[in-house]
1. Tell me which of these Thr440 doesn't satisfy, since it passes every other one: (1) touching a helix residue (DSSP H, G or I) at 6+ places or on another chain (Cβ under 8 Å); (2) open to solvent by 80 Å² or more (accessible area, probe 1.4 Å); (3) part of a helix (DSSP H, G or I).
2. Does Ala234 satisfy being within 24 Å of Ser556 (Cβ to Cβ), modelled with pLDDT of 70 or more, open to solvent by less than 70 Å² (accessible area, probe 1.4 Å) and of a type in the set (Gly, Ala, Ser)?
3. Given the conditions (1) open to solvent by 80 Å² or more (accessible area, probe 1.4 Å); (2) without any contact (Cβ under 8 Å) to a residue 12 or more places away in the chain; (3) assigned to a helix (DSSP H, G or I), and given that Val496 satisfies all but one, which numbered condition is not satisfied?
4. Here are some residues: Lys144, Lys129. Which one is among the charged types (D, E, K, R) and in a loop (DSSP other than H, G, I, E, B)?
5. Pick from region 520-555 the residues that are assigned to a loop (DSSP other than H, G, I, E, B) and under 21 Å from Leu633 (Cα atoms): which of them is nearest to the chain's Cα centre (by Cα)?
6. Tell me, which residue of region 583-599 that is open to solvent by less than 10 Å² (accessible area, probe 1.4 Å) and in contact with a Ser or Thr (Cβ under 9 Å, 6 or more places away or on another chain) is farthest from Val535 (Cα to Cα)?
7. Among Glu569, Glu561, which is more than 21 Å from the chain's Cα centre (by Cα), surrounded by fewer than 22 Cβ atoms within 10 Å (Cβ to Cβ) and of a type in the set (Asp, Glu)?
8. Determine whether region 84-98 contains at least one residue that is of a type in the set (Gly, Ala, Ser) and touching a residue at least 60 places away in the same chain (Cβ under 8 Å).
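The values are calculated or read from the model by the stated rules, or taken from the named source; none is laboratory data. Keep in mind that what you see is a predicted model, and the values were worked out from it rather than measured. Here the Cβ positions follow ideal geometry from the backbone for every residue, glycine too, while neighbour counts run over all protein chains shown. With ligands, DNA and RNA removed, areas are computed over all heavy atoms of the protein, side chains included. Shrake-Rupley method; radii C 1.70, N 1.55, O 1.52, S 1.80 Å.
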Amino acid sequence: MTLRMRATAWVAVLLLVWTAAQAQGLDAGKVTLQLPARSVRVAAGGTVDVQLSARIEKNWHVNSNKPNEDFLIPSVVSAKASGIRLTRVQYPEAKDLALSFADKPVSVYEGDVVFGLTLTIAEATPPGKQNAEITLSYQACNDKTCMPPSDATVTLVVDVTPAVPANVPADSQTRPGTSSGGDFQEAIGTAQGTPSAGSPAVAPGLSKGGDSTHASSPRPVAAASERSISLAVALLFAFLGGMILNLMPCVLPVLSLKILGMVKQAGETSRERLKHGALFTLGVVASFWVLAGIMILLQAGGEQLGWGFQLQSPSFVLVLSIFLFLFGLSMFGVFEIGTSLTGVGYGVAGGSSYTSSLVSGVLATTVATPCTAPFMGSALGFTLGAPAYVAFLVFTFVGLGMAAPYLLLTTIPALLKFIPRPGAWMESMKQFMGFLLMATVLWLIWVLSLQTGADGVVILLAALLFVALGGWVFGRWGNIAKEKPTRRIAQVIALVAIAGGLFFSLTNIKAKGPETAGVHRQGSIEWLTYTPELVEGLKAEGRTVFLDFTAAWCLSCQVNEKVAFSSEEVQNEFARRGIATVRADWTTHDETITKALATFGRNSVPLYVLYAPGKDPVLLPEIITPGIVLEALRNTTPG
């Protein structure tokens, strides 16, 4: 759909909604919900399957959960209750309907439809009856008008019983919860190995032990391999991973700026160059110390965290976006503030700054956290459950590895002959680097959209508008050529604009709630949303499972997805072998996914795990290609 057609569609939908609201008094109750049973009984820690029936008024329809057009509001099922989570939704099959305001058929639901739901009861939920409010959010339309978005809600009474003691044999236990039966039971597998009340679901990658009829206290299969390496090997892996981190796409913008800084420093004395290298190294290592300290403190307080945890916060993504945007404006020459900002990476106006070398190390570490290089996964996983000093040692060696190439160039003069001489070309190069920074901002906006939705993007764009205004005012009237009173006024206005944009955005940004389970299509691959129960159920069916731990802010993950999973050969091989593909999205903080990563001795993404019936799980490397994936499939699965 072209931009003009999309805009016309928006106007048409808004006009239809306004007309319907005026004519019918906002009465949008076109859908009624019904449950086969108003109450269910389930043990704490168990799950229960429920059928939610929806009757849509005759001659009306509602958009499906994937309506084919971005401007249409999808139907979404959610549940609200203390200690009860909606962990899976199976949406009904939709039908395509041609509408006058869309240039292609829209996916809709009509008549009577059924949604399959799985509710999970937290182990800490106290016994007693809980009211679970199950809501269908939808927008109803007919051939002429669309109603305002509305909700239909029905209440399910969940009678929570105490968890059965762990020493009770599984074959003497009843399934925790009353299944609703019918097609839904057959479709998602009511008896797919859902844990019984006294046998908690075994996290992916864990072995149940010799007697499968009893609950056990298994140890991580992959974690054992991580812990089997020595501290010396972990430190070597950390150093190598840090060096390779320089080649990852996250670090490219700051790496380019640092190269410009080294060009500027080529004409300085050996002593000065050594100071720059040492300060850059200090900035990198100190930043890794701060990250390690924060992780250790928060984990001691019960938080489940991993590498890149700060990018799971929309506020951090927002602040980083604003900083890099401001940085990019300075690269374009919108404003100049000597060595305090544009000097990050290289000095300007009469010489490079030692402070800039220190700050560039901090910035390089900050933007490097979305990436995990080869060897880093094993090294960082070694810190799980290890004493604090071990974590600090590992993070120190990652930092030393990352800073090593620059430190080497500043300590060995012979290597500097490969560095080009300073010249006028550096200004053009600096401005080109600004585009790399803006590309990074564009990527962060996309990450924020997944964390907060469209509202968060609008808030960030508004903040960037204020920041741009502040930068322009500072560059236009705050430079040294203006009189002092003019400069002071411009500086105050610029500070107010930038601080105001930052304050406005931070006070209004909100993360989206956890997504309901569903299917995300990538070519012919259908990625199921991860839950431990889903993986265990698929394994109990004898299915081969490919598990992808990923995050939107992880550039390594995104590159892998484009390179490996977009391959037609890989997609065909997944389909031919009937492999179930499951995706654990760690874009926002999720303790369940963090704990699942820990079972493999990892606290970072990407991580790729291949389960085959009767075999130990296979872990693929952090950087994958179609060939690596295909080889793993052929070596692990039959056919």
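1. (2)
2. Spelling it out, Ala234 is indeed within 24 Å of Ser556 (Cβ to Cβ), modelled with pLDDT of 70 or more, open to solvent by less than 70 Å² (accessible area, probe 1.4 Å) and of a type in the set (Gly, Ala, Ser).
3. Exception for Val496: condition (2).
4. Lys144
5. Residue satisfying both the conditions and the ranking: Tyr530.
6. Thr587
7. Testing whether each residue is more than 21 Å from the chain's Cα centre (by Cα), surrounded by fewer than 22 Cβ atoms within 10 Å (Cβ to Cβ) and of a type in the set (Asp, Glu) leaves just Glu569.
8. no
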